[in-house]
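Every number in this text was worked out from the coordinates using simple rules, so none of it is lab data. Keep in mind the model is a prediction, meaning the values are calculated, not measured. Here Cβ is always computed from backbone atoms with ideal geometry, including for glycine, and neighbour counts include all displayed protein chains.
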Amino acid sequence: MTKIEAVIQPSRFESVKEALIEIGIQGMTVFEVRGHGRQKGHTETYRGREYEVDLLPKIKIEIILADKLVDLTVQTILKAAKTGKIGDGKIFLSKVDEAIRIRNEERGDQAL
Amino acid sequence: MKPSAFATKNAEIKRSNKKSPAAPPQRIAAGQANAARHQRTQSAQRAAEAIISMSLSSPGQQLRETYTAESAKIQQHFDATGDGRAVTEQRAALVDRIAIELFRHHFAQESNQAAKIALVALGGYGRRELFPYSDIDLLFLAADTATEVNLKSATRDFCQALWDMRMRVSPSARALPECAKFKSENPEFNISLLDCRYLAGDENLFNELHQQILPALVSRNRASLRENLAELTRQRHAKYGETVFHLEPNLKNSPGGLRDFHTACWLERISELTGEKQFPAHPGRTSPKLNPEAEQAFDFIAAARCLVHFRQGRDDNALTYELQSVAAELGLGVQLDKSMPPADWMRRYFRHARVIFTLATQLLDAAVPEKSSLADRVGEWKARFSNSPFAISSGRLVVREPATITKDPEQLLSLFEVMARDGLKLSRETEQEVESAAAALATAGPQIPNLWPHLQQILIAPYAADALRSMHAQGVLVRLFPEFAAIDSLVIRDFYHHYTVDAHSFITIENLKDLRSKTTEWERKFADILSELEQPQLLFLALLFHDVGKGMPHDDHIEGSLHAVDEVFPRLGLNPTETESVRYLIANHLEMSANLLRRDIFDPQTIRNFAEKVGTPERLKMLCLFTYADIRAVNPEALTPWKAESLWQLYVSTENYLNRNVDEERVHANQDGREWVERIIPLVSTDANRHELREFLEGLPRRYLLAHSPQEVARHFEMSRRLESSAVELHLESQGHIYELTVLTADRPQLFAGISGTIAAWGMNIWKAEAFANASGIIVDTFHFTDPFRTLELNPSEMDRFKTSITDVLCGTVSLESLMRGRKNLRGPAIAKVPVSTQIRFDDFCSSHSTLMEIATQDHPGLLYQITSVLAQYGCNLEVALIDTEGQRAIDVFYLTLDGAKLGANHQRKLRDLLLAQL
């Protein structure tokens, strides 16, 4: 099992979600997050006051899925989230040891 | 079991029937009730007979079987009749028989002790109101502590037997003297005693509790009991957002749920026990003082709760969407087996819940007025209401002469103005009087004199949402605006909205009012925007009607809402500018959140597109606040700090774009100007032609056209035509406590400084201004100022002298210096309330031919004159000026040229030094 964490532009979230549903991804956890990578923030002025916009709003999607689905899912996210501009985000993959469904205690891929 | 015990049990049941606990409680709708009562009594007797006829040697197993079989029959009866009240009574009767039987079995072993203990039903069970999976509250009442201790083992076995039958028992054991003590740390127990009912054992012991100890306890602690009830209710209502209108309500605990009904019953019971010192002659749950509407509401909600229990198989009281559909399909509580749409069924639920909620809160307020706020404000209210047609009684608003609100609709509206202003609630009697007055409104028709002035006062007042809710609950709102009836208790079935559409609309208004007391950083930012609005009443009006279309047969709810407000506007008598603002807000109320979620708000193109749709900073402010209030009213968690910050970011970027691109975005009569010409030409005098109008509009910033209504532009055009015969054209009008001065003249040096200096010399305080020019060099300057010394208000003849003074200064016949000499203290107060440091910023990239200069500094009288004098003396030409004030902070934006070109870095530095020295 693999955990996919994708940090994407909020404006791409709807497209990514629809694309994932289309390939049959059934569950995901979505977080509203703020942060920055190489795309640093900038200074804004508003009515004579300056303020730093150093952490930019992003959406983080977490999906745990069977290993055989990982490539297709990553490709789908890449395609739907890409605008070609700085700040498009990143995808992280990591191994998951076990999954347990609380209701009936199923384990492994069955629990996903 | 021994034969003697069997005989005693039979006698027990007969006595119990005779003394009335088995008889159904009194119902108000008597005709209908008799048949139901007969049916229920029969059903309860059947259960009793089943128990009597069984073998008594091994009660556990057989009682379990009986309980299962009888429970199934109760469910079948419910499936056939949909009568929730009957279910609760039948289950109470069934549990009575089982509990009595088990009591005999377990406590007969302790024969000497049995005489000193009584089995008592408490809470819902005591009221004979036992829902299919509700807890069974039991009290083992012992004569003394020694008995209580001795019978512990029998008590445990008794409870175990019930648990084995899968009944959820909540037992408590108390010695009689203990019950006489008021338990301040356990208010629930004190209250549950109010419903105590004898089941088995020592009846004299129970009678002592019931007839002596309890009435005395209640009499002694009446105030504390009421306060406990009020506190428990307040906490519960707060947990559920203080509103009845949840899309998936909790049938027991939501405001307007069964717990509120019980609260009303308990308050009545406390009053009775205090007055009579004994339980009334008509035992049972229902108090005769509760109104028939509340009884009907109880029946409806009880049926719904039974359905939920049966379907879920546990004590779950959430009326989910799925179960709403089931109830609606069954026609539960309305007409069984006649299905109806779930939304219609929920409307009925909300109407019933509203009845119960109103009843409970009114009784609570009457019993326990909110002391702190009341005491603090009594003096203030006394003074305020001394000559008013309204008065305060027990903290509630009452009408001195009720007939006046029926005869005079304006008086009725004034009542709600007072509610909105002071946060007062109406007394119970006044609510009934208002309902009658509302009924009279229907025959009088919706043509109420001064409807908009009254509604405005309500909308801008701090407690507007509460007043509007009351207007809606008492039927006034739909009489005034029948369009609002479309969303009365309307459910929108999705997983985001928690409230009905009408409740959501009131919450949007409340969200903005609540900004006054908000403390987080981003809440304060939105509060600042609210304080800057020129006409907040238009925003509130738009919020009130923005979702009315959801209850109308339009594909797009916005279309429906616009259709509705178009019907409302003529009745309110709004002017065209106001109408346009409200329509704009409703038509675009989803625009900002759509940009927020579906566009990259850091992309300049997104900002540009959005800014072009919005047009002016004033509209942007209103739209931003609208979006804030609307998202936040979807559910309590909908506006996350993440979303709020993104909304703020979009607002700031768009506001900056609007201010920094004014000079670039200009009207070209042969392109976008054509549309404007066609809109304005019908409004100007007949001898003017399109060519002249095109010439006037050519080169004006587009911001000018968006900030002014077509009527105002037409007036400016007429003024420009008169410039052939006069050097300066002025228009001065008052808008409440603000004056607006419009000046049209040919461009000339020191023009803006001359006007702002003259206004300051007259003692006026400029808080907003704009300076625009067209391609022919005609300037259109608008100044908004206050008159702190009320010179113009108290001396209307001074209006003309003021205008002459400006013309004289602009024409050079009077020197500004001589006028200024008469004014002292133009530097304002020495100590500012909020010190503001001066910031000056230049931007060469906003405009292709001018330099933007933004100054933020401490506001004071004569400030604008000081700044523009420096600019004029330096030789700068003012292409565009946007002057704004935010509290004690002035934020002025100027687009400047020097000798027809941008200012270089050198000039910018010098100008900054000169200005800093001056300010």
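Taking the stated definitions as given, is B:Ala644 out of contact with any helix residue (DSSP H, G or I) (no Cβ under 8 Å at 6 or more places or on another chain) and within 12 Å of chain A (Cβ to nearest Cβ)?
For B:Ala644, the condition - out of contact with any helix residue (DSSP H, G or I) (no Cβ under 8 Å at 6 or more places or on another chain) and within 12 Å of chain A (Cβ to nearest Cβ) - is not met.
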**Request:** Taking the options A:Ile91, A:Ile102, A:Ile86, name whichever one is in contact (Cβ under 8 Å) with a residue 60 or more places away in the chain and either in a loop (DSSP other than H, G, I, E, B) or among the β-branched types (Val, Ile, Thr) (or both).
**Result:** A:Ile91
**Inter-residue pairs, beta-carbon under 8 Å, first on the phi > 0 side of the Ramachandran plot and in region B:252-267, second in a loop (DSSP other than H, G, I, E, B), 6+ apart** = B:Gly256/B:Val244; B:Gly256/B:Pro249
**Criterion (surrounded by fewer than 20 Cβ atoms within 10 Å (Cβ to Cβ) and touching a strand residue (DSSP E or B) at 6+ places or on another chain (Cβ under 9 Å)) met by exactly one of B:Ala746, B:Ala760** = B:Ala746
**Prompt:** Which residues, taken from region B:861-885, are surrounded by fewer than 19 Cβ atoms within 10 Å (Cβ to Cβ) and aliphatic (A, V, I, L, M)?
**Reply:** B:Val870, B:Ala872
**Fill in**
When region B:229-246 is checked residue by residue, the ones that are not β-branched (Val, Ile, Thr) and not in a helix (DSSP H, G or I) are B:Tyr240, B:Gly241, B:Glu242, B:Phe245, B:His246
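In region B:884-902, which residues are more than 14 Å from every other protein chain (Cβ to nearest Cβ) and not hydrophobic (A, V, I, L, M, F, W, C)? Steps first, answer last, please.
First pass over region B:884-902, keeping only residues more than 14 Å from every other protein chain (Cβ to nearest Cβ): B:895-902.
Those that are more than 14 Å from every other protein chain (Cβ to nearest Cβ) and not hydrophobic (A, V, I, L, M, F, W, C): B:Tyr895, B:Thr897, B:Asp899, B:Gly900, B:Lys902.
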**Selection count, region B:754-794, where residues are among the polar types (S, T, N, Q), farther than 21 Å from B:Val893 by Cα and not in a helix (DSSP H, G or I)** = 1
**Item:** Filtered residues of region B:584-611 (kept if within 11 Å of chain A (Cβ to nearest Cβ), assigned to a helix (DSSP H, G or I) and of a type in the set (A, V, I, L, M, F, W, C))
**Value:** B:Ala594, B:Leu596, B:Leu597
**Request:** For residues that are of a type outside the set (Gly, Ala, Ser) and surrounded by 13 or more Cβ atoms within 10 Å (Cβ to Cβ), scanning just region A:73-89, find the one that is farthest from the chain's Cα centre (by Cα).
**Result:** A:Thr83
**Message:** Can you find, within region A:1-18, the residue that is farthest from the other protein chains (Cβ to nearest Cβ) among those that are crowded, with 19+ Cβ neighbours inside 10 Å and either part of a helix (DSSP H, G or I) or not hydrophobic (A, V, I, L, M, F, W, C) (or both)?
**Reply:** A:Val16
**Asked** So is B:Val677 under 28 Å from A:Gly89 (Cβ atoms) and either among the aliphatic types (A, V, I, L, M) or more than 14 Å from chain A (Cβ to nearest Cβ) (or both) or not?
**Response** no
**Residue that is farthest from B:Arg841 (Cα to Cα), among those in region A:19-60 that are within 12 Å of chain B (Cβ to nearest Cβ) and β-branched (Val, Ile, Thr)** = A:Val30
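Taking region B:309-334 only, how many residues are among the charged types (D, E, K, R) and crowded, with 17+ Cβ neighbours inside 10 Å?
1
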**Request:** Go through the residues of region B:703-711 one by one and say whether even a single one is part of a loop (DSSP other than H, G, I, E, B), among the small types (Gly, Ala, Ser) and more than 28 Å from B:Arg619 (Cα to Cα).
**Result:** no
**Fill in**
Within region B:838-869, residues being within 11 Å of chain A (Cβ to nearest Cβ) and of a type in the set (A, V, I, L, M) number 3
